[in-house]
Amino acid sequence: MTKLILVRLSTSLLVILGSLVLVFIIIYLLPGDPVLQMLDPNTATPEDIANLRHQLGLDKSFVSQFLTYANQMLHGDFGKSILNSEPVLPKIIKHFPDTLALTLASSLISAAVGIFLGVLSAIHRNSWIDIVTRIVGLFGISMPSFWSGILLILIFSVHFGWFPAMGSDGWKTLVLPAFTLGIVGSGFIVRMVRNSMLEVINEQFILTLRSKGLSERLVMYRHALRNALIPAITMIGVLVGELMAGAVVIETVFSRQGIGRIVSDALMAKDLPVVQGVVFFSAIIYVLVNLLVDLSYSVIDPRVRRAH
Amino acid sequence: MNKKMRLWNKLTLISLALILVLTACASNTKKEEASKAPPASVAPSPSEKAEEPEEAAKGGELTYALATSPDLLDPHVSRVAVSVRVLRTIYDSLVVQDADGSIKPWLATEWELAPDSKSYTFKLRKDVKFHDGTPFNAEAVKYNFDRILDPTTKAANAAALIRPYVSSDIIDEFTIKLNLATPSADFLGNLSQALVGIVSPTAAKKFGDQFGRNPVGSGPFKFVKWDDNAQINVERNPDYNWGPSNVDNKSAANLDTISFKIIPEEATRLGSVQSNQVQAAESIPPQNILSLKKEDKLQLLQVNTNGLPYTLFINQRKKPWNELKARQALQYGIDVTTIVQTLYLGTYEQAWSPISPGLLGYDKSLENGIKLDIDKANSLLDEIGWVKGKDGLREKDGKKLTLHYVDSSPNREKRNDIAAIVQQQLKKIGITVEVEITKDVLNSVFVKDGYDIFGNSQTNSDPNALFAFYHSLVKIVGGGNIPGVLDPELDDLLNKGAVEQDNTKRVEIYKQAQQLIINKAYIIPIYVFPYTVAASKTVTGLKFDALGYPLFNDVSITK
């Protein structure tokens with residue numbers, strides 16, 4: 001068990017370092033000049049441009065720029081926004097809870113709806129329930145989230161007036177965006193749970209349990225589902241990343257605060273320190289979530305624990 | 001079978017419970033809202049403009065949805081127009097521009113232009129205080145102007161607006177002389193812009209580069225807080241008593257607070273005002289304007305913005321567009337009327353001149369002048385040797401006639417669709433159009449001169465705006481003179497217009513300039529941009545200034 005944690009921790013660290021390098025290279029290679037973006041085309045002179053470039057350290061070599069950057073980032077100094085000189089890390093930390101709330105709420109919805117429908121359609125394989133559920137799942141996956149978001153606004157905000165269309169204060173403003181994102185996630189989980197349930201159901205031990213006279217419900221929910229959950233949980237780990245990326249769109253559609261919003265605004269304005277900061281921060285979160293997912297296997301499935 | 005039934009029963013129960021909870025929520029909120037509402041007694045009739053401002057309903061919170069987020073609330077440094085909507089509530093200016101274009105007193109009570117036209121002496125109001133208690137006086141004005149000039153402030157547009165300003169002399173506590181390097185006819189008018197708003201010197205010094213997040217002015221509203229990407233709140237300045245001539249209510253505002261919500265997604269912004277989550281929302285897309293007009297709970301307010309309309313600038317530095325006939329062929333080959341009708345469904349006005357109809361000297365005679373004429377366009381191109389090949393495309397010396405069309409806004413006001421339609425229309429006269437949409441304007445467009453047509457617009461209060469776009473002297477790194485015009489006759493008119501103090505003569509000068517620009521086919525004007533607000537009918541008194549920005553001094557909310 002300790003060995004497992006140690007191995008996982010060190011690979012996580014490597015991934016984080018790798019993402020640090022990757023983020024820097026991508027942004028370095030991005031076309032367009034942030035300096036020209038920051039200055040007013042009507043008044044800037046070549047000297048202004050050179051001065052600002054020097055001030056930002058953009059006239060130094062690639063390697064020296066990277067070393068300065070990596071050194072600062074690893075010391076927790078994510079730099080300042082080019083646009084309004086606001087320090088980046090406090091800004092991210094201030095807005096992360098909003099994104100976290102959205103991600104958690106939509107993961108819960110994805111998991112609850114996905115597992116429930118997945119089991120349902122596996123149990124009733126090839127019946128109309130199965131067909132409807134699979135169509136619904138496919139629908140959830142294929143709908144672009146900005147579109148389903150606007151649809152939910154039109155129905156539940158404009159027409160019924162039940163939930164606010166925008167904002168990020170209080171649980172009520174969380175409902176529509178969490179469902180919008182949750183629908184996408186549940187689509188994936190339905191398929192995953194259905195497939196693994198079907199595999200498990202056909203295994204020998206289920207037959208044994210049935211023949212021992214256990215009630216069908218106990219067999220399905222206590223034994224089959226438990227075994228079918230492992231791939232679903234892996235899926236949830238991947239989904240958290242998916243959902244955090246989805247937050248970029250959803251936070252804009254529902255005018256919520258959050259780090260997705262910060263990064264999309266920063267991209268528009270080519271505010272590179274902010275973009276780098278948010279991407280690196282998200283990478284860390286993603287790695288942590290997957291670490292937790294990996295470790296949770298051993299809790300759910302004793303075979304994983306014994307293997308290490 | 002039994003199991004299935006049980007499951008179904010459960011499902012039905014769960015969904016029933018869910019519906020019950022949801023409806024309970026909904027009816028609860030309605031009750032809350034109803035109980036919160038104060039007794040409707042002081043409401044004036046919503047349709048009439050408040051003739052007696054005393055009767056306007058006092059109090060209330062206005063929520064106003066903005067389409068994008070302001071960058072900073074420092075008027076001198078802000079780079080985006082959306083900031084001005086908020087800046088106007090926090091800051092006052094020295095002078096104000098009335099609807100007819102004339103300049104009236106505001107923080108300055110009167111002014112005098114020196115005989116050599118190179119300095120203005122302003123008398124200032126003596127009763128004005130900034131929100132932080134700092135008194136407004138000549139010293140504060142001097143601080144503001146010097147702050148704009150100071151390179152460390154990184155003033156963007158404000159510096160361009162006060163350009164000939166060099167220094168100021170404090171005559172006495174409430175008299176100041178502003179010195180100009182050269183005479184300037186639009187200097188006084190530019191002082192009316194929110195970007196030259198007067199900031200509190202105490203606060204500006206205290207907050208330094210964070211002033212834009214902690215704005216302090218002397219306006220009708222005080223800054224309260226700014227939640228990133230969510231909202232900006234301002235509250236009534238109870239001491240306010242120096243409102244400008246373009247509002248009725250010169251004293252403290254009727255509203256307690258204004259909450260500017262930032263809602264970038266069009267459909268959400270619209271949904272928020274339809275569901276009454278916000279009371280007013282800006283930038284309503286044309287396709288929704290028509291349907292909104294039918295909603296009985298909403299009103300639509302629309303005002304044309306001023307400055308340079310959205311215009312296609314033809315690059316004179318590129319062949320064959322340096323030839324008049326080639327440019328005229330574009331003028332006759334592009335059906336602007338159809339473009340504007342199709343895309344904006346009659347909600348936007350077509351532009352005919354390089355300046356908007358609301359500006360001083362606008363030449364109405366240009367309207368309905370140049371119309372689509374495919375035959376003429378074809379023969380003009382034939383005349384200069386670009387003949388149609390077998391594929392219907394024109395060529396000369398083995399080279400195809402292509403036009404590189406660049407626009408910098410990701411489909412703001414359907415500008416990308418304009419490009420697509422132009423592409424189709426010009427195919428008919430044998431021109432291949434390559435469309436490029438890029439935000440990286442300075443580098444890929446101006447520095448590399450990589451465009452034949454570039455689409456752009458600008459908000460401005462004076463026809464001198466033409467100078468920066470058409471004068472041959474304007475050669476700042478990228479930008480300026482987009483059409484690359486080198487025309488001594490036009491230079492001469494723009495020079496004269498920039499310094500002429502007699503308005504009748506100025507009007508004449510600018511009419512000539514507009515005719516020249518159209519006759520020489522330097523540009524193709526497309527549309528005049530209307531600022532459009534959808535508001536609940538309970539909102540009254542929302543006005544717009546000469547540039548088309550909203551004014552909240554007279555706003556009140558009726559029940």
| task | Check whether at least one residue in region A:263-274 is away from chain B (no Cβ under 12 Å) and either β-branched (V, I, T) or buried (at least 19 other Cβ atoms within 10 Å of the Cβ) (or both), and report yes or no. | result | yes
| If a residue has to be under 17 Å from B:D228 (Cα atoms), out of contact with any Asp or Glu (no Cβ under 9 Å at 6 or more places or on another chain) and within 12 Å of chain B (Cβ to nearest Cβ) to count, how many in region A:97-113 make the cut? | 0
| remark: When region B:117-149 is checked residue by residue, the ones that are open to solvent by 50 Å² or more (accessible area, probe 1.4 Å) and either within 14 Å of another protein chain (Cβ to nearest Cβ) or in a loop (DSSP other than H, G, I, E, B) (or both) are B:K118, B:R125, B:K126, B:D127, B:D132, B:L149
| Selected residue (criterion: nearest to A:G260 (Cα to Cα)) from residues of region A:169-199 that are surrounded by fewer than 20 Cβ atoms within 10 Å (Cβ to Cβ) and more than 23 Å from the chain's Cα centre (by Cα) | A:N195
| task | Spot the failing condition for B:N304; the list is (1) buried (at least 23 other Cβ atoms within 10 Å of the Cβ); (2) within 20 Å of the chain's Cα centre (by Cα), and only one is missed. | result | (1)
| request: Report yes if A:R217 is crowded, with 17+ Cβ neighbours inside 10 Å and within 14 Å of chain B (Cβ to nearest Cβ), otherwise no. | output: no
| field | All positions within region B:267-282 that are touching a residue at least 60 places away in the same chain (Cβ under 8 Å), open to solvent by 20 Å² or more (accessible area, probe 1.4 Å) and within 13 Å of chain A (Cβ to nearest Cβ) | value | B:N276, B:Q277
| query | For region A:154-168, which residues satisfy the criterion of being open to solvent by less than 10 Å² (accessible area, probe 1.4 Å) and either free of Cβ contacts under 8 Å to residues at least 24 places away in the same chain or more than 10 Å from every other protein chain (Cβ to nearest Cβ) (or both)? | reply | A:S157
| In this structure, is A:E242 open to solvent by less than 10 Å² (accessible area, probe 1.4 Å) and either of a type in the set (K, R) or within 30 Å of A:F163 (Cα to Cα) (or both)? | no
| field | Qualifying residue in region B:366-376 (condition: among the aliphatic types (A, V, I, L, M) and outside any helix (DSSP H, G or I)) | value | yes
| Among the listed residues A:L225, A:L243, A:L207, which satisfies the condition of being more than 14 Å from chain B (Cβ to nearest Cβ), modelled with pLDDT of 80 or more and farther than 23 Å from A:L295 by Cβ? | A:L207
| query | Out of the residues in region B:61-101 that are closer than 23 Å to B:L149 by Cβ and acidic (D, E), which is modelled with the lowest pLDDT? | reply | B:D71
| request: Would you be able to tell me the number of residues in region A:43-87 that are within 13 Å of chain B (Cβ to nearest Cβ), open to solvent by less than 40 Å² (accessible area, probe 1.4 Å) and over 32 Å from the mean Cα position of the chain (by Cα)? | output: 3
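Looking only at region A:175-192, count how many residues are within 14 Å of another protein chain (Cβ to nearest Cβ) and in contact with an Asp or Glu (Cβ under 9 Å, 6 or more places away or on another chain).
1
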| said: Please pick out the residue among B:Y348, B:Y332 that is at pLDDT 95 or above, open to solvent by 10 Å² or more (accessible area, probe 1.4 Å), of a type in the set (F, W, Y) and in the same structural domain as B:N460 (by the TED database). | reply: B:Y332
| field | So B:N254, is it in contact with a Lys or Arg (Cβ under 8 Å, 6 or more places away or on another chain), away from chain A (no Cβ under 14 Å) and not aromatic (F, W, Y) | value | yes
| field | Failed item, numbered, when B:I262 is tested on (1) within 14 Å of chain A (Cβ to nearest Cβ); (2) without any contact (Cβ under 8 Å) to a residue 12 or more places away in the chain | value | (2)
| note | Within region B:54-91, residues being at the interface with another protein chain (Cβ under 10 Å from one of its Cβ atoms), among the β-branched types (V, I, T) and over 20 Å from B:T532 (Cβ atoms) number 1
| query | Taking the stated definitions as given, is B:T337 open to solvent by 30 Å² or more (accessible area, probe 1.4 Å) and under 24 Å from B:N315 (Cα atoms)? | reply | yes
| field | Tally, over region B:377-424, of residues that are assigned to a strand (DSSP E or B), of a type in the set (S, T, N, Q) and out of contact with any strand residue (DSSP E or B) (no Cβ under 6 Å at 6 or more places or on another chain) | value | 0
| task | Quickly run through region A:99-125 and pick out the residues that are farther than 18 Å from A:V190 by Cβ and surrounded by fewer than 24 Cβ atoms within 10 Å (Cβ to Cβ). | result | A:L100, A:A101, A:L104, A:A105
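What tally of residues in region B:150-186 results from selecting those that are in a loop (DSSP other than H, G, I, E, B) and of a type in the set (S, T, Y)?
2
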| query | What are the residues in region A:126-143 that are within 13 Å of chain B (Cβ to nearest Cβ) and either open to solvent by 80 Å² or more (accessible area, probe 1.4 Å) or not hydrophobic (A, V, I, L, M, F, W, C) (or both), if any? | reply | A:S127, A:W128, A:D130, A:T133
| Any idea which residue in region B:222-233 is nearest to the other protein chains (Cβ to nearest Cβ), counting only those that are within 21 Å of the chain's Cα centre (by Cα) and assigned to a strand (DSSP E or B)? | B:Q231
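When you scan region B:200-221, do you find a residue that is touching a Pro at 6+ places or on another chain (Cβ under 7 Å), more than 14 Å from chain A (Cβ to nearest Cβ) and at pLDDT 95 or above, even just one?
No, that holds for no residue.
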| query | Any idea which residue in region A:1-16 is nearest to the chain's Cα centre (by Cα), counting only those that are farther than 19 Å from A:I300 by Cα and open to solvent by 60 Å² or more (accessible area, probe 1.4 Å)? | reply | A:V15
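Per-residue answers, yes or no, for (1) among the hydroxyl-bearing types (S, T, Y); (2) part of a loop (DSSP other than H, G, I, E, B); (3) within 25 Å of B:Y348 (Cα to Cα); (4) under 22 Å from the mean Cα position of the chain (by Cα):
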position	(1), (2), (3), (4)
B:L486	no, yes, no, no
B:R506	no, no, no, no
B:I509	no, no, no, no
B:A513	no, no, yes, no
B:I517	no, no, yes, no
B:A521	no, yes, yes, no
B:I524	no, no, yes, yes
B:V533	no, no, yes, yes
B:L547	no, yes, yes, yes
| remark: Residue set A:N71, A:N51, A:N42; condition in a helix (DSSP H, G or I) and either modelled with pLDDT under 85 or closer than 23 Å to B:A158 by Cβ (or both); output residue A:N51
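The values are calculated or read from the model by the stated rules, or taken from the named source; none is laboratory data. Worth saying up front: this structure is predicted, and the values here are computed from it rather than measured. Cβ atoms come from the backbone with ideal geometry, glycine included; neighbour counts cover every protein chain shown. Note: accessible area is taken over every heavy atom of the protein model, side chains too, but ligands, DNA and RNA are not part of it. Shrake-Rupley method; radii C 1.70, N 1.55, O 1.52, S 1.80 Å.
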